[in-house]
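No value in this document is a laboratory result; all are computed from the given coordinates. Since the model is a prediction, treat every value here as computed from it, not as a measurement. All Cβ positions, glycine included, derive from the backbone under ideal geometry; neighbour counts span all protein chains shown.
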Amino acid sequence: MAEKSFFAPLIAWKNIFEKPVTIKIPKEKREAAPRYRGFHVNNWEKCIGCGTCAKICPTDAITMVEVPDMKQEYGMKPQRPAIDYGRCSFCAMCVDICTTGSLQMTREYIFVSDNPEDFYYVPTEKGILRKEPSEIKIGWTREAENDLLDLERVVPEHLPAEERLNSFVEFVKVYSKQQAIAEAARCVECGICTDRCPEHMQIPQYIKAIWKDDLKDALKWLLKGVEEQNNFGANPLSGVCGRVCTHRCEEVCAISHRGEAIAIRWLKRYITDSIPTEMWHEIVKFNTPKKNKKIAIVGSGPAGLSAAYFLATMGYDVDIYEALNRPGGVMRYGIPRYRLPDEALDKDIAFIESLGVRIITGVAVGKDISFEELRSKYDVIFISTGLTLGRSTKIPGADHPDVVQALPLLREIRDYLRGEGPEPKIAKRVVVIGGGNVAMDIARSVARLQKMKFGQVNVIVTCLERTHEEMPADMEEIEEAIEEGVKIYPGWGPKEVIFYPNEDKIKGLKCVKCTEVFDENKRFNPKFDETEICYYDGDMIIEAIGQAPDYSYLPDEWKSKIQFVGSRILTNNIRQTQIPWLFAGGDIVNGPDIIHGVADGYWAARGIDEYLREQK
Amino acid sequence: MSMGEVKLFFGPNHPGMHGNFSVHMYVEGDVVVKARPVPGFLHRGFEKLMERRLWYQNVALIPRICVPEPDINEACYAMAVEKIAKVEVPERATWIRMLVLELARIANHLWSFGGIGGPIGMYTSMFWSVSDRDKVLDIFEELTGARIYHMYIIPGGVRKDLPTGLEEKISKLMDYLEQRMSEYETFILKNRILHTRLKGIAKIDTETCLKLGVTGIGLRATGIPYDIRKVDPYMFYDKVEFDVPTATEGDAYARISLKPQEIKQSIRIIRQILEKMPSGPVNIKISDGNGLRIRVPKGMAYAKVESTRGEYGYLVVSDGGETPYRVAVRGASYPQGLYGVEHLLPGTRIDDVPIWLDSMGVCAPEIDR
């Protein structure tokens with residue numbers, strides 16, 4: 001037996017005078033630690049319903065439930081997380097990965113209810129105990145160190161501004177495989193991008209395919225979309241959109257709430273550029289029986305090519321009529337070469353042609369072939385002639401030959417670069433009027449030509465919109481233009497072209513301060529402060545303030561039957577005009593960019609198919 | 001079965017049993033003739049489940065493999081994944097991990113110290129140690145946000161840095177526990193009940209230990225100073241000073257009396273950790289991408305730590321995918337819980353069976369996995 005003092009047990013007696021270690025619930029309350037992982041609260045103002053919390057949940061406790069009367073807007077899903085506290089393991093991974101930071105955990109841990117349904121709970125700001133948000137103590141929060149998202153974008157290799165000014169070479173390089181996989185690994189597959197994309201491309205699916213390094217599958221998602229649903233979400237101009245798409249998807253990307261959006265556009269380009277054209281046929285096959293119907297498409301822009309593609313996959317016989325010498329429309333003649341090289345466009349068009357689509361170039365409908373002749377030869381006509389006429393400011397002096405339109409000049413520059421036209425006339429000092437992407441395109445193209453010819457850049461861009469943010473051009477375009485030495489002066493309205501005294505030579509542009517661009521109804525209605533005047537020196541003025549459609553090819557007989565909204569054609573949701581056999585799409589119907597044109601082409605193809613089936 | 005031999009079930013539903021584990025005893029009188037361990041009540045297929053869950057999601061699952069000491073699971077898993085991914089964990093994260101593991105060791109020793117009070121009928125030891133354990137859990141709550149399942153150690157480091165002021169609270173607790181340990185020794189370890197009930201009971205010798213694969217306190221109580229922290233140091237255990245207490249008797253009393261001594265060593269280690277811990281980042285990414293798309297390169301690694309019951313290890317196999325290809329867990333109490341029960345219980349009395357299970361630290365879920 002161990003040595004033991006008789007008094008040893010007495011040390012236990014000291015506990016008599018101490019408080020019990022237990023507490024009396026509910027009389028006494030115990031405060032949880034500041035980072036306690038208790039019940040959830042979710043800020044509905046911030047939550048976008050992306051469902052990332054449900055995806056990371058290790059116990060499947062979180063499900064996304066449809067919330068009735070939820071406001072429907074881009075960048076948001078009408079769902080909110082619901083938590084089953086019978087399953088929740090309180091690991092807080094949902095909080096760590098929340099894309100917006102709306103989901104948090106509180107320091108509350110006691111909840112009593114006799115109704116088991118109460119434990120299945122959709123968190124709001126009030127928490128499961130239905131308290132006022134100000135009374136709730138927040139516990140575990142996400143900080144930089146426990147963030148589960150990857151917020152930084154993998155930037156593809158860029159040529160520096162000085163270098164890219166020396167040529168029209170595409171200055172953004174394609175992702176390497178390693179870069180693409182790293183970028184794809186940032187995606188949380190919420191699909192908010194798909195909702196926003198006019199064409200509803202299956203973006204999370206192809207990004208996941210890139211991440212799994214299955215490029216064939218990725219290409220199938222691009223060119224076939226959801227095969228079971230009439231190729232819903234396919235984009236025949238993926239190579240083009242992978243370069244110059246206005247990427248509305250990236251604007252709403254769930255990651256963009258706290259970090260940089262996934263580079264969806266560059267990832268798309270990575271897919272098309274990484275697979276040689278010869279292999280596209282092996283990967284993407286269509287086995288539809290031929291249908292004995294013929295369709296004419298007027299205009300080979302994005303909408304025309306897209307409609308042709310989808311119609312060809314349905315088995316129709318499609319001819320595209322193009323007035324210019326090469327197919328592609330705005331993609332060939334509008335967008336500068338440093339953003340969209342011919343080879344990329346040719347790759348997409350070659351695949352469309354390989355499906356049996358005939359592209360008849362150099363034939364202007366209404367001039368070389370009459371509209372009536374088309375009508376007699378084809379079952380359906382789809383028009384997608386785009387906006388080809390430039391708008392003029394109509395200020396005094398705008399009729400001078402050195403005041404030119406942006407669109408024809410862009411066309412000349414591209415023809416020149418291809419070696420198919422003479423060198424366009426460019427002055428040493430140029431003023432561009434306009435704040436949209438076309439203004440940026442022409443300013444940057446002229447800057448390159450100036451650098452190549454005169455050794456220095458002198459381009460001024462002036463526009464009504466008062467800030468860079470207000471300008472309709474993409475921020476990226478504006479930033480890159482400034483990098484390249486283009487000077488942008490927003491907030492000025494052109495007033496008059498100034499000439500040298502007694503000479504027919506332009507001296508510059510007189511502008512007045514623009515105080516307001518849009519009125520309270522958000523309609524374009526600029527107001528000026530005539531007292532504040534400014535002069536921009538230039539030998540040449542380029543107008544890039546908008547384009548208008550040209551319907552001169554349409555015979556009056558048909559034109560009178562079509563309804564117009566402003567200068568646009570009114571169609572129903574399948575892009576059918578008031579003349580049943582005449583469909584229309586692209587910029588003359590919806591606009592304003594390539595991806596909307598592709599979407600128009602898709603819906604028109606579905607509509608034409610529907611129409612022709614009914615004709616049988 | 002002869003008339004004199006009776007089959008009795010000890011557990012899973014029995015006040016003297018720790019966890020969902022059962023021993024079928026064939027007894028003659030009150031002497032066990034044959035003992036059959038019956039595991040499986042806690043079999044949730046952890047190892048298989050892990051193959052279906054993302055690398056990161058597993059952090060929420062694995063603490064459940066050992067309820068009283070969950071951190072060893074997280075640490076082994078994280079260390080194995082880091083070995084495959086060839087990731088160097090930031091220095092501060094490693095020190096924090098050591099801190100967590102030592103606190104967990106203290107908590108678990110206190111818990112099992114309390115557990116022995118049940119079968120021998122000395123409830124004071126249970127009341128004291130369980131209330132002291134709660135003080136350690138308070139620290140865990142402040143550090144990790146939860147009391148039992150911390151889910152704190154992740155592949156790449158730990159989830160969050162220490163909150164401000166916690167170091168002070170820990171060193172205060174250490175002072176308190178050190179003083180309590182001497183009280184435990186005078187009041188509990190010298191208690192007559194403990195001596196009568198534990199001395200010479202549930203004996204095991206070195207040879208049997210090595211034959212069955214028993215490590216930890218079971219082996220150290222037979223005189224072998226085998227502690228992975230010393231023989232194959234992981235983390236920074238080679239940078240801290242501590243002793244490995246041993247005993248020679250190999251009986252239940254030797255094992256129980258080693259526990260306060262080990263707690264004292266842990267206190268010593270924690271004090272050194274608080275002193276040596278540098279500032280800096282607490283985690284590093286093990287691969288590109290967000291938590292849903294973490295991938296671990298192809299490979300296989302085994303990581304082991306010294307748990308309160310012996311060597312605890314994870315073998316993780318990755319085929320480069322989103323989830324582990326295979327995970328195998330070496331539960332520390334597997335040898336004593338299964339082979340030990342079968343080989344060493346025959347010949348003892350019925351009321352000594354729970355003493356074996358408790359003093360050897362048989363933890364049901366890590367056997368069932």
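Restricting attention to the range A:108-160, which trypsin sites (Lys or Arg not before Pro) occupy a DSSP loop and are surrounded by at most 10 other Cβ atoms within 10 Å?
Within the range A:108-160, the qualifying trypsin sites (Lys or Arg not before Pro) (loop, at most 10 other Cβ atoms within 10 Å) are A:ARG130.
Describe numerically, in nm with one decimal, the distance between label points set 7 Å from Cα along Cα→Cβ at A:LYS71 and at B:GLU167.
Result for the modelled spin labels: 4.8 nm.
For the range B:182-275, just say rounded, prolate or oblate: build the C-alpha gyration tensor, square-root its eigenvalues into a ≥ b ≥ c, call rounded for a/c under 1.5, and beyond that prolate if a/b exceeds b/c, oblate if not.
Since a/c reaches 1.5 but b/c is at least a/b, the shape of the range B:182-275 is classed as oblate.
Just checking the output field for B:279-291: average partner chain Cβ neighbours within 10 Å of each residue's Cβ?
Mean shielding count: 5.
If each residue's Cβ is checked for other Cβ atoms within 10 Å, how do A:LEU267, B:LEU292 rank with the fewest at the top?
Listed from fewest to most nearby Cβ atoms, that is B:LEU292, A:LEU267.
Rounded, prolate or oblate: pick one for the range A:342-414, where a ≥ b ≥ c are the square roots of the eigenvalues of its C-alpha gyration tensor, a/c under 1.5 means rounded, and failing that, prolate if a/b is larger than b/c, else oblate.
Oblate shape, in that a/c is at least 1.5 and b/c is the bigger or equal ratio.
List the trypsin sites (Lys or Arg not before Pro) within the range A:449-536 that DSSP assigns to loop and that have no more than 13 neighbouring Cβ atoms inside 10 Å.
Listed in order of number, the matching sites are A:LYS505, A:LYS522, A:ARG523.
Mind listing which trypsin sites (Lys or Arg not before Pro) in the range B:11-72 are in a DSSP loop and have 14 or fewer other Cβ atoms within 10 Å?
Of the trypsin sites (Lys or Arg not before Pro), the ones in loops of the range B:11-72 whose Cβ has at most 14 other Cβ atoms within 10 Å are B:ARG44, B:ARG52.
Could you list A:TRP44, B:TRP111, B:TRP55 so that the one with the fewest beta carbons within 10 Å of its beta carbon is first and the one with the most is last?
A:TRP44, B:TRP111, B:TRP55
Please label the shape of chain B as rounded, prolate or oblate, based on the square roots a ≥ b ≥ c of the eigenvalues of the alpha-carbon gyration tensor (a/c under 1.5 means rounded; beyond that, a/b larger than b/c means prolate, else oblate).
The shape class here is oblate.
Run the paramagnetic zone check for A:ASN43: 7 angstrom along Cα to Cβ, then residues of the range A:136-164 with backbone nitrogen under 12 Å.
Within reach of a label on A:ASN43, which here means backbone N under 12 Å from a point 7 Å along Cα→Cβ, the range A:136-164 contributes A:142.
Give the angle, between 0 and 90 degrees and rounded to the nearest 10, that separates the Cα long axis of helix A:302-313 from the longest principal axis of the Cα atoms of chain A.
For helix A:302-313, the angle is close to 80 degrees.
Can you give the convex hull volume per residue for the Cα atoms of the protein assembly as shown, as a whole number of Å³?
Convex hull of Cα atoms, per residue: 234 Å³.
Checking the table A:LYS137/B:LYS239; A:LYS29/A:LYS71; A:LYS173/B:LYS285; A:LYS425/A:LYS487; A:LYS220/B:LYS48 against a 31 Å threshold on Cα-Cα, which pairs fail?
A:LYS137/B:LYS239; A:LYS29/A:LYS71; A:LYS220/B:LYS48
Using DSSP loop states and a limit of at most 12 other Cβ atoms within 10 Å to flag GluC sites (Glu not before Pro), what is the longest stretch of chain B containing no flagged site?
The longest such stretch corresponds to B:89-240.
Between A:HIS400 and A:LYS173, what is the FRET efficiency for a Förster distance of 41 Å, r being their Cβ-Cβ separation, to the nearest 0.05?
Working from the Cβ atoms, E equals 0.50.
If we restrict to alpha carbons, what Rg and Dmax does the range A:157-308 come to, in Å?
Considering the range A:157-308 through its Cα atoms, Rg and Dmax are 16.6, 55 Å.
Taking the Cα atoms only, what angle lies between the long axis of helix A:406-417 and the longest principal axis of chain A, rounded to 10 degrees?
Long axis of A:406-417 versus the principal axis of chain A: about 80 degrees.
Please compute the modelled spin-label separation between A:LYS425 and A:LYS453, points set 7 Å along Cα→Cβ, answer in nm with one decimal.
It works out to 1.0 nm between the two label points.
Could you compute the longest span of chain A free of GluC sites (Glu not before Pro) located in DSSP loops and having at most 13 other Cβ atoms within 10 Å, not counting the site residues?
Value returned for the longest uninterrupted segment is A:158-419.
What FRET efficiency comes out for A:TYR109 versus B:TYR123 if R0 is 30 angstrom and r is the Cβ-Cβ distance? Round to the nearest 0.05.
0.60
Under the Kirkwood approximation for Rh and a Cα-based Rg, what ratio Rg/Rh is obtained for the range A:467-585?
1.11
Pull up all non-local amide H partners of B:SER333: gap of 5 or more, or a different chain, and H-to-H distance under 5 Å with H placed in the peptide plane.
For B:SER333, whose amide H was placed from the backbone, the distant partners under 5 Å are B:CYS363.
Give a residue-ordered list of calculated ³J(HN,Hα) values for the range A:597-602 (Karplus: 6.51 cos²θ - 1.76 cosθ + 1.60, θ = phi - 60°; whole Hz; x for Gly, Pro).
Whole-Hz 3J(HN,Hα) from phi for the range A:597-602: x, 4, 5, 4, x, 5.
Which order results if A:THR393, A:THR388, B:THR248, A:THR272 are arranged by neighbouring Cβ count within 10 Å, fewest first?
B:THR248, A:THR393, A:THR388, A:THR272
Output the Kirkwood hydrodynamic radius of the range A:152-230, Cα pairs only, in Å rounded to one decimal.
Over the range A:152-230, the inverse of the mean reciprocal pair distance is 14.4 Å.
Rounded to the nearest 10 degrees, what's the angle between the helix B:71-85 long axis and the longest principal axis of chain B, both from Cα atoms, 0 to 90?
40 degrees
Could you work out, residue by residue across B:143-151, how many beta carbons of other chains sit within 10 Å of that residue's beta carbon, and then give the average as an integer?
6
Percent of Cα-Cα pairs per 10 Å bin, from 0 to the last occupied bin, for the range B:100-140, please list those.
35, 48, 16, 1
Give, in nm to one decimal, the length gained when the segment between B:MET300 and B:LYS239 is fully stretched (0.36 nm per residue of separation minus the Cα-Cα distance).
Contour length minus Cα-Cα distance gives 19.2 nm.
Can you pull the Kirkwood radius for the range A:302-375, inverse mean 1/r over Cα pairs, to one decimal in Å?
Answer for the range A:302-375: a Kirkwood hydrodynamic radius of 13.0 Å.
For A:PHE6 and B:THR248, FRET efficiency with R0 = 30 Å and r from the beta-carbon atoms, rounded to 0.05?
Calculated value: 0.55.
List the cysteines of chain A that have no other Cys Cβ closer than 4.7 Å: which are they?
Flagged as lacking a Cys partner: A:CYS47, A:CYS57, A:CYS88, A:CYS91, A:CYS98, A:CYS187, A:CYS197, A:CYS253, A:CYS463, A:CYS511, A:CYS514, A:CYS534.
Go through the range B:353-366 residue by residue and turn each phi into a ³J(HN,Hα) via Karplus (6.51, -1.76, 1.60, θ = phi - 60°); whole Hz please, and just put x for glycine and proline.
4, x, 5, 4, 4, 7, 6, 7, x, 8, 10, 4, x, 7
Report D for the range A:462-511 in µm² per second (integer): Stokes-Einstein, Kirkwood Rh on Cα pairs, 37 °C, 0.692 mPa s.
Calculated translational D: 264 µm²/s.
Determine the shielding of peptide B:157-169 by partner chains: average, over its residues, the number of Cβ atoms on other chains within 10 angstrom of each Cβ.
2
With each pseudo-label sitting 7 Å past Cα toward Cβ, what's the B:VAL38-B:GLU185 distance in nm, one decimal?
Spacing of the two 7 Å Cα→Cβ label points: 4.3 nm.
Do the sum for chain A: with -39,500 (n - 2.57) for every DSSP H run of n ≥ 4, divided by all residues, what is the mean residue ellipticity at 222 nm, to the nearest 500 deg cm²/dmol?
Rounded to the nearest 500, it is -8000 deg cm²/dmol.
How big is the Kirkwood radius of the range B:12-55, worked out from every pair of different alpha carbons and given in Å to one decimal?
12.9 Å
Hey, got the dipole for the range A:64-215? About the Cα centre, +1 on K and R Cβ, -1 on D and E Cβ, debye to the nearest 20?
In total the dipole reaches around 60 debye.
Can you list the residues, at least 5 places off or on another chain, whose amide H is less than 5 Å from the amide H of A:TYR321, using H built in the peptide plane?
Placed amide hydrogens put A:ILE297, A:VAL298, A:GLY299, A:ILE360 under 5 Å from A:TYR321.
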